[in-house]
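Chemist: Dropping a structure here in structure tokens format, bear with me for questions.
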Amino acid sequence: MLKEFIGVLSILIVIIILVLTAQNFTVPNYAKNPNNNNALFQESNVTNNKDNSNNYIINIKQGSANRTVLEPFAPVGIKIKSNSTITWKNNDFMSHTVTSPTMKSGIIYPSGSNEGSSEFSYTFENKGIYNYFCRIHPYMGGVVYVDTDETEREIVDVTNKSIQNTFIEIPPNTAYNNHYGPFFMPANAKVSLGDKLTWINNDYIPHTATATDMSFDSRVIEAQGSFSFHISKEGVSTYYCKIHPWMQAIVTVSNNKEKQ
């Protein structure tokens with residue numbers, strides 16, 4: 001009888017242990033609902049695009065080298081979160097680069113080339129506004145907004161309301177203390193054909209606003225000075241400061257009055 005009692009007691013102890021173990025490893029109900037704020041995991045917190053990752057693609061379009069497309073880097077402007085990765089894919093027939101003070105891609109060869117890769121990837125760890133351009137074709141440019149946004153400042157001409165004056169600020173200490181941009185604000189001014197652009201130098205030292213294709217050149221803008229220009233070319237125009245050439249920005253020009 002004693003042996004039978006000990007056997008039954010052992011079985012009961014094993015059952016109790018199994019029940020307690022199962023309870024300890026049961027997933028709480030709230031963890032099964034990703035919409036619950038108390039969930040142990042939430043896919044919505046890490047999903048930033050359609051493939052459920054922090055990876056983005058910018059296409060270099062066919063015809064970009066010979067300027068037959070209005071948006072050579074597509075999209076020309078993109079908003080991402082820090083620690084996201086962008087991959088530039090060269091679909092053009094010519095080689096290109098992605099060049100900025102923080103990014104130096106080297107040659108990005110055409111798709112299908114045997115000479116080297118037709119892609120370049122970069123992970124953005126710090127928040128900021130990153131302008132970049134193609135070193136081979138410097139009229140090609142784009143901008144990446146990392147955990148940052150910007151607005152445009154516009155004034156409508158009351159004598160001709162079809163013409164708008166968009167102000168671009170050169171902020172104080174931008175040349176040497178602004179590591180991640182923007183060097184010009186906004187970094188991508190979106191305007192219509194015929195609109196007026198006015199650069200205002202709020203820095204303490206001179207700067208320029210010089211198009212990489214020389215379609216406009218402010219010459220030296222002294223501290224607290226300004227320069228105005230009526231834009232007359234559709235598409236994306238890149239420009240920089242000739243005194244501090246790492247200062248870069250772009251202007252996106254449409255042929256209608258609806259801003260992109």
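The values are calculated or read from the model by the stated rules, or taken from the named source; none is laboratory data. Fair warning: this is a prediction, and the values are worked out from it, not measured in the lab. Here the Cβ positions follow ideal geometry from the backbone for every residue, glycine too, while neighbour counts run over all protein chains shown.
Chemist: Kindly indicate whether residue 228 is surrounded by fewer than 17 Cβ atoms within 10 Å (Cβ to Cβ), under 25 Å from residue 148 (Cβ atoms) and touching a residue at least 40 places away in the same chain (Cβ under 8 Å).
Modeler: no
Chemist: Going residue by residue through the stretch 167-179, is there one that turns out to be in contact with a Gly (Cβ under 9 Å, 6 or more places away or on another chain), closer than 30 Å to residue 59 by Cβ and at pLDDT 90 or above?
Modeler: Checked against the condition, which is being in contact with a Gly (Cβ under 9 Å, 6 or more places away or on another chain), closer than 30 Å to residue 59 by Cβ and at pLDDT 90 or above, the stretch 167-179 yields no hits at all.
Chemist: Would you confirm whether or not the stretch 140-148 contains a residue that is in contact with a Pro (Cβ under 7 Å, 6 or more places away or on another chain) and at pLDDT 90 or above?
Modeler: Within the stretch 140-148, one or more residues are in contact with a Pro (Cβ under 7 Å, 6 or more places away or on another chain) and at pLDDT 90 or above.
Chemist: Follow-up question, since we're still on this one. For residue 188, all conditions in the list (1) more than 26 Å from the chain's Cα centre (by Cα); (2) buried (at least 19 other Cβ atoms within 10 Å of the Cβ) hold save one; what is the number of the exception?
Modeler: All conditions pass for residue 188, except number (1).
Chemist: Tell me, please, whether a residue that is of a type in the set (D, E, K, R), in contact with a helix residue (DSSP H, G or I) (Cβ under 8 Å, 6 or more places away or on another chain) and outside the structural domain of residue 139 (by TED's automatic domain parsing) can be found in the stretch 189-208.
Modeler: yes
Chemist: Condition test on residue 152, is it modelled with pLDDT of 90 or more and among the acidic types (Asp, Glu)?
Modeler: Judged against the criteria, residue 152 is not a match.
Chemist: Where residues in the stretch 208-218 are part of a loop (DSSP other than H, G, I, E, B) and modelled with pLDDT of 95 or more, which of them is nearest to the chain's Cα centre (by Cα)?
Modeler: Within the stretch 208-218, the match that is nearest to the chain's Cα centre (by Cα) is 209.
Chemist: I'd like to verify a number: residues in the stretch 224-256 that are at pLDDT below 95, small (Gly, Ala, Ser) and assigned to a loop (DSSP other than H, G, I, E, B), how many?
Modeler: Of the residues in the stretch 224-256, 1 are at pLDDT below 95, small (Gly, Ala, Ser) and assigned to a loop (DSSP other than H, G, I, E, B).
Chemist: Which count do you get for residues in the stretch 63-83 that are of a type outside the set (Ser, Thr, Tyr), in a loop (DSSP other than H, G, I, E, B) and farther than 17 Å from residue 135 by Cα?
Modeler: Residues that pass the stated criteria total 5.
Chemist: Additional query: Which one of the conditions (1) buried (at least 21 other Cβ atoms within 10 Å of the Cβ); (2) in a loop (DSSP other than H, G, I, E, B) does residue 94 fail to meet, given that it meets all the rest?
Modeler: (1)
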